[in-house]
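The values are calculated or read from the model by the stated rules, or taken from the named source; none is laboratory data. Remember, it's a predicted structure, so these values are computed and weren't measured experimentally. Methodologically, a virtual Cβ is constructed for each residue, glycine included, from the backbone with ideal geometry; neighbour enumeration extends over all protein chains shown.
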Amino acid sequence: MRFLREKDILLQRIREHDRLSGRQQLSLAAILSVPSMLAQASYILMEYIDASMVGSLGAHASAAIGLVSTTIWLFGGLTHSASTGFYVQVAHRIGAGEWAEARRVMRQSFLACISFAVVLAVIGALISSRLPRWLGGEEALWRDSSLYFLVFSLCLPFSQLNSLTGGMLRSSGNTHIPSLLNMLMCGLDVLFNFLLIFPTRQWHGFTIPGAGLGVLGAVLGTAVAYIVCSLSMCWFACVRSPELNLFQDRGSFLPTVDTLRRAVKLSLPMGVEHFIMCAAQIVSTVIVAPLGTVAIAANSFGITVESLCYMPGYGISDAATTLVGQSLGARRSRLARSFGRITLMMGIVIMTVMGIVMYVSAPALMSLMTPDETVRQLTVQCLRIEAFAEPMFAASLVAYGIFIGAGDTLVPCSMNLFSIWAVRITLASLLAASMGLNGVWIAMAVELCFRGFIFLLRFRSDRWMGDKAEPRDIPADAVEPSDY
């Protein structure tokens, strides 16, 4: 509780233009980052347990999920983009101390975002039966892959609600509630999967009930967990949050033209980026699919295990979005720049350590994921290639969160698109034929290093702050203490 009180005091000092020392800035960045990192850690743990549960069914089950995983990221990324367009506005309003305006934007976001998610759900349901065939998967995978994607699609409105309300809470500086609820979701997911994936069985004299649904059970368990978490998140944001409680004032849920215009300006570049980047991921899946079931399963496991490394980057990126958004909302660009440097350094250091851990522990991790020795060996090779890219991957993740907090989405999205299409896809298509799956992962590592480098260049230029940026060469005594 002491940390929560300290966080509230420091965030209030941003809004009131009080000076924050370097230690206080680092402390605030850490307080906001740690809950998000813990939530990411629990989410990754959930993915590990899910993957090991499905992996115990054999390479076929893992490949069925891996085949549609990139398309799932596409749809999930689009819902996240829609949420971002609204919760960044809320962060700016809170930074400016405009609480009623922040609640007005939040209220209007619900109808717009949920309607968008319903449209995506309908599209997903309509294409689910044909998707595995379009992706070039073996016919034996089609049924399980289709069912998995169908259930995921029908759950999209709840995924959208979870992303939207969680983003609103984080924008207000409340990172612990979204983190706790996401950890709860992970626990429920593991429990439901345990009951739905496997059949009823005996264990040390005890009868453990089970539905025996296999791959379908995995996605049903995740869907139920998402529903519980999203409804709880909505209740905390709309009722329990002191800053966002919608019962404090009245207003329409129908979005105004101005709110929608601002949301589209922020969300559209991100949505287009997610669409084209995930299209690139789908192309990567098409490149991997002809390499066989072992390569598809190893690629899926590798992506799951690698998330161990980048989960701190996403947690720190969330904190960077909040800190930069509120700082610029309060018209404190020098403080926003300082928070950007602090969060970038945190992300790079932590993900470098995680990359070393992944390189060393990859064989042990994979021994927990699947009994298939061929899949294990190939996945370990891929993970050790990727470990070298983690520091620059951190730079791109955290810098992206900084830019989002500033409302700068168009140029960073274009940079992402250029990087993944011009570097990753080109290299992967060239290397896959001669080096197999290792070639695809070499291409990924090279692209992540390139992306991190160009994102650092943009951060250094201050162009991400637009007209809010102040010259770096202003003498210290010419700036009021409130600008630090």
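Observations
- Pairs linking a residue in the stretch 445-464 that is assigned to a helix (DSSP H, G or I) to a residue that is aromatic (Phe, Trp, Tyr), with Cβ atoms under 7 Å and 6 or more positions apart or on different chains, are ALA445/PHE388; LEU448/PHE393; GLY452/PHE393; PHE455/TYR400; ARG458/TRP464; TRP464/PHE403.
- Residue in the stretch 359-372 that is modelled with pLDDT of 90 or more and within 22 Å of the chain's Cα centre (by Cα) present: no
- Residue count for the stretch 409-463 satisfying the condition of being in contact with an Asp or Glu (Cβ under 7 Å, 6 or more places away or on another chain) and under 19 Å from HIS274 (Cβ atoms): 8.
- Scoring TYR148 on the criteria (1) more than 30 Å from SER300 (Cβ to Cβ); (2) buried (at least 24 other Cβ atoms within 10 Å of the Cβ) leaves a single failure, condition (1).
- Answer from CYS234, CYS229 - the residue that is surrounded by fewer than 22 Cβ atoms within 10 Å (Cβ to Cβ) and either modelled with pLDDT of 90 or more or under 23 Å from the mean Cα position of the chain (by Cα) (or both): CYS234
- Output for the stretch 315-340, where each listed residue is part of a helix (DSSP H, G or I) and small (Gly, Ala, Ser): GLY315, SER317, ALA319, ALA320, GLY325, SER327, GLY329, SER333, ALA336, SER338, GLY340
- Out of LEU181, LEU161, one residue alone is more than 18 Å from THR84 (Cβ to Cβ) and out of contact with any Gly (no Cβ under 7 Å at 6 or more places or on another chain). It is LEU181.
- Unique residue being over 27 Å from the mean Cα position of the chain (by Cα) and assigned to a loop (DSSP other than H, G, I, E, B) when the list is LEU254, LEU244: LEU254
- Residue within the stretch 86-108 that is in a helix (DSSP H, G or I), of a type in the set (Val, Ile, Thr) and surrounded by fewer than 21 Cβ atoms within 10 Å (Cβ to Cβ) present: no
- Flag if SER396 is surrounded by 24 or more Cβ atoms within 10 Å (Cβ to Cβ) and hydroxyl-bearing (Ser, Thr, Tyr): yes
- Residues of the stretch 282-317 that turn out to be surrounded by fewer than 22 Cβ atoms within 10 Å (Cβ to Cβ) and either without any contact (Cβ under 8 Å) to a residue 60 or more places away in the chain or touching a Cys at 6+ places or on another chain (Cβ under 8 Å) (or both), as a count: 1
- Options ALA389, ALA428: the member that is among the small types (Gly, Ala, Ser), modelled with pLDDT of 90 or more and more than 18 Å from ALA289 (Cβ to Cβ): ALA389
- Just one residue in the set SER461, SER434 is closer than 18 Å to GLY401 by Cα, at pLDDT below 90 and small (Gly, Ala, Ser); that residue is SER461.
- Test: residue in the stretch 199-219 that is within 30 Å of ARG15 (Cβ to Cβ) and either in a helix (DSSP H, G or I) or among the charged types (D, E, K, R) (or both): no
- Considering the conditions (1) within 17 Å of TRP73 (Cα to Cα); (2) among the β-branched types (Val, Ile, Thr); (3) free of Cβ contacts under 8 Å to residues at least 40 places away in the same chain, THR200 is excluded by exactly one of them, (1).
- ALA330 meets the conditions (1) surrounded by fewer than 24 Cβ atoms within 10 Å (Cβ to Cβ); (2) out of contact with any Lys or Arg (no Cβ under 7 Å at 6 or more places or on another chain) in every case but one. The failed one is (2).
- Any pair with Cβ under 7 angstrom, 6 or more apart, that starts in the stretch 95-121 at a residue that is over 18 Å from PHE236 (Cα atoms) and ends at one that is of a type in the set (Lys, Arg): GLY95/ARG15; GLY97/ARG15; GLU101/ARG93
- Residues that are out of contact with any Phe, Trp or Tyr (no Cβ under 7 Å at 6 or more places or on another chain) and not polar (S, T, N, Q) within the stretch 367-389 comprise LEU368, PRO371, ASP372, GLU373, ARG376, LEU378, VAL380, LEU383, PHE388, ALA389, listed in sequence order.
- Condition met for ALA319 (farther than 18 Å from LEU135 by Cβ and in contact with a Ser or Thr (Cβ under 6 Å, 6 or more places away or on another chain)): yes
- The set of residues from the stretch 206-264 being among the aromatic types (Phe, Trp, Tyr) and closer than 21 Å to MET106 by Cβ comprises TYR226, TRP235, PHE236, PHE247, PHE253.
- Checking LEU368, LEU383 one by one, the residue that is surrounded by fewer than 17 Cβ atoms within 10 Å (Cβ to Cβ) and assigned to a helix (DSSP H, G or I) is LEU368 and no other.
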